[in-house]
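Q: First the structure, which I've put down as C-alpha cells, then a few questions once you've had a look.
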Amino acid sequence: MKTKDKLMDYVRLQSDEIIREWLDMREVDPFSIFNVNGSQETEDKLKEESGSFILCITEALIQSDKRISQKLLDWSEAIARDRVNDGTSIDKVLDQFQRFRSLYFQSMKTWLMDHGDLHLDEQYELIGAYHSIFDEVIKTFVLSYKTHYENRLKDQMGLINELSSPIISLSETIAILPIVGDIDTTRAKYIMEHALEECVQKEIHHLVVDLSAVPVIDTMVAQKIFELMNTLTLIGVHPVITGIRPAIAQTAVQLGIPLGTLNIHSTLIQALKGLGYSISTSQ
C-alpha cells in the first residue's frame, strides 16, 4: 500500500477519536456555537464540520504538491460565514482552530513514529506542509469572516438607519421626517438619499423635517441637512424644517446658509398648522 494511502486510512480510523477529544474540550459558553451545553443538533453540526475538515486537510497533505485545495478553501469560507451567522466571535473560533490543530498533529506524529518507511527529511517535509496548509486555512477563514461580518454589520446599520429615519405619511402628499439622536456624516448621507427616494416614490409634495430631537450636529452634517432642503426643492417637494436648536442655528449661520430662503417653524405643531392641519390640544 502506498504511503499516502496508509496515512488516509489511519486518519479515517482516528477521525472519530480526534473529534471526540476536541468536543470534550468544550466549556460552558452560551455566546458561541462551541458551548458544551449546546443542543444535540449543534453537536451533530460540529461533528460534520470537523469531519469534513479532517478529510480535506488529509487529502491536501497526500497530494504531490501538498498545497491547500479549493475544497479546503471553500470549507474555510463556509465556516466563516456560518460562525458570523451564529454569532460566534472570531477569537473563539481561532481558539478552536488551535485546539484542533494540536489534536490532529498529535495523531499525525503517532502515525509518523509507527511508519518506518519514511525518511526523516520526508517526515519533516510532511510536518512543514501540514503547518503551511493549516496557516493558509486560518488566513482564509479570517479574511472571509471579516468580509461576512462587515456585510452583516452594514445590513444591520442600514436597517437601523431606516428605522430611525422614517418618512411618515400624513396624507397622500404630506409627510414628516422626524430625525432622532446624534447624526454623523454617514447617517446624514443615508437620510438624504432615503428621503429623496421615499418622496419620489410616495409622490410627496410637502415634507416636514423635524430636528427637535437632534441634540447637536457638526458643520459637515449641517451642510448635508440643508443640502437636503435644496435638493427636495429641485424634485418638486416643498420642504419645511422645524425644531432647529440654537446651536444648530449658529452652525448654519457660520456656514453662511441662507436660512431666510427656507420654510422654518419653531415647532412641529406650527408647521402642521401652516400646512392646513387643525391641531387640537384638548383632552
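Q: Could you size up the charge dipole of the chain around its Cα centre, putting +1 on the beta carbon of Lys and Arg and -1 on that of Asp and Glu, and report it in debye to the nearest 20?
A: In total the dipole reaches around 820 debye.
Q: Between Val253 and Ser169, take the C-beta separation as r, use R0 = 51 Å, and let me know the FRET efficiency to the nearest 0.05. List each step's numbers first, then the result.
A: Working: r = 33 Å, r/R0 = 0.64.
Once the sixth-power term is evaluated, E becomes 0.95.
Q: Using 1/(1 + (r/R0)^6) with R0 = 22 angstrom and r between the beta carbons of Tyr149 and Thr186, what's the FRET efficiency to the nearest 0.05? Don't skip to the answer; put the middle values down first.
A: Details: r = 18 Å, r/R0 = 0.80.
After rounding, the FRET efficiency stands at 0.80.
Q: Over the stretch 229-270, one equal point on each Cα, no solvent: what is log10 I(q)/I(0) by the Debye formula at q = 0.16, 0.22 Å⁻¹?
A: The computed values of log10 I(q)/I(0) come out as -0.45, -0.80.
Q: Over 18 Å, how big is the tail of the calculated P(r) for the stretch 1-119, in percent of all Cα pairs?
A: The answer is 55 percent, as a whole percent.
Q: Rounded to whole Hz and in sequence order, give me ³J(HN,Hα) for the stretch 215-231 from the Karplus expression 6.51 cos²θ - 1.76 cosθ + 1.60, θ = phi - 60°, writing x for Gly and Pro.
A: Residue by residue, the stretch 215-231 yields x, 6, 9, 8, 5, 5, 5, 4, 4, 5, 4, 6, 5, 4, 4, 5, 5 Hz.
Q: Compute the acute angle (0 to 90°) between the alpha-carbon long axis of helix 120-164 and the principal axis of greatest extent of the alpha-carbon atoms of the chain; round to the nearest 10°.
A: Once rounded, one gets 20 degrees.
Q: Rank these residues by their accessible area, most exposed first, probe 1.4 Å: Thr231, Thr147.
A: So, going from the largest accessible area down, we get Thr147, Thr231.
Q: Suppose we keep just the alpha-carbon trace of the chain; what are its Rg and Dmax in angstrom?
A: My reading of the Cα-based Rg and Dmax gives 30.6, 96 Å.
Q: Another one. Amide H to amide H under 5 Å from Asn263: which residues, 5+ apart in sequence or cross-chain, H placed 1.01 Å off N in plane?
A: Ile241
Q: Ignoring ligands, DNA and RNA, please state the percent of accessible area on the chain from carbon and sulfur, probe 1.4 Å.
A: Heavy-atom surface of the chain belonging to carbon and sulfur, 1.4 Å probe: 53 percent.
Q: When the Karplus curve 6.51 cos²θ - 1.76 cosθ + 1.60 is applied with θ = phi - 60°, which whole-Hz ³J(HN,Hα) does each residue of the stretch 177-188 get, with x for Gly and Pro?
A: 10, x, 9, 10, x, 5, 10, 9, 5, 5, 5, 4
Q: Just the accessible area per residue of the chain, please: how many Å² with a 1.4 Å probe?
A: 56
Q: Related question: Let me have the relative contact order for the stretch 115-241, percent, based on Cα pairs under 8 Å that are six or more residues apart.
A: 22
Q: Whole-Hz Karplus ³J(HN,Hα) for the stretch 44-56, in order, using 6.51 cos²θ - 1.76 cosθ + 1.60 and θ = phi - 60°, x for Gly and Pro?
A: Whole-Hz 3J(HN,Hα) from phi for the stretch 44-56: 5, 5, 5, 4, 5, 4, 5, x, 5, 5, 4, 5, 5.
Q: Relative contact order of the chain: what whole-number percent is it, with Cα pairs under 8 angstrom and at least 6 residues apart?
A: Reported as a whole number, the value is 12 percent.
Q: Spin-label point model (7 Å from Cα, Cβ direction): what's the Thr219 to Gln201 distance in nm?
A: Output for this residue pair reads 3.5 nm.
Q: Assuming R0 = 51 Å, can you tell me the calculated FRET efficiency for the pair Gln270 and Lys71, based on Cβ-Cβ distance, to the nearest 0.05?
A: 0.15
Q: Sticking with this structure for a sec: Quick query: amide H of Val208 versus all other amide H atoms, modeled in the peptide plane; which residues come in under 5 Å with a sequence gap of 5 or more or a different chain?
A: Long-range HN contacts for Val208: Ala175, Ile176, Leu177, Val240.
The values are calculated or read from the model by the stated rules, or taken from the named source; none is laboratory data. What you see is a predicted model, and the numbers here were worked out from it, not measured in a lab. Neighbour counts are summed over all protein chains in view; Cβ atoms, including those assigned to glycine, are modelled from backbone coordinates with ideal geometry. Note: accessible area is taken over every heavy atom of the protein model, side chains too, but ligands, DNA and RNA are not part of it. Shrake-Rupley method; radii C 1.70, N 1.55, O 1.52, S 1.80 Å.
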